[in-house]
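Okay, so here's the structure we're looking at.
Readers should treat all values here as calculations from the given coordinates under stated rules, not as data from a laboratory. Since the structure is predicted, the reported quantities are computational estimates derived from the model, not experimental observations.
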Amino acid sequence: MKWLDMTSGTMSDQATNIKKVGETMKEKYFSIAGIIVGLISVILSFVVKSQNYSNYEYSSSYGGDAYTGIQNAAASTANNVGYLINAVTWGFFAILFVFGLACIVYFGSKFLVSMEGEAGSEKKNNSGISLFSAR
């Protein structure tokens, strides 16, 4: 919320003040949207990590050598693909988690700075006729 002092200054000063209020509101909305995107990214990182994408395949032994070799090769390939899936899952988890935390910290600090700036300007503009801008 911004308070504007309408008792002094020219019309262009007043228009500039109103424009600054609109820019401040845009910054707040973008900061809030950035924080929400960060939270979604952190949540999705845990969703990705919590999924079980592969199972361990056991080697078996049959009476014939060819069948045993084929089954063991297939089990080994399946296990290697499973290990690869786990590595990629950890990578996506880390990327989403770090990106989410970075968004929360960056946009959270911008939001706090804009809130502090607004609180300071409200203290300055507490006399005279004021116009409440709800943009």
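Backbone amide hydrogens, once placed in the peptide plane, bring residue 57 within less than 5 Å of 79, excluding anything fewer than 5 places away on its chain.
Size descriptors for region 36-79: radius of gyration and Dmax over Cα atoms are 18.9, 59 Å.
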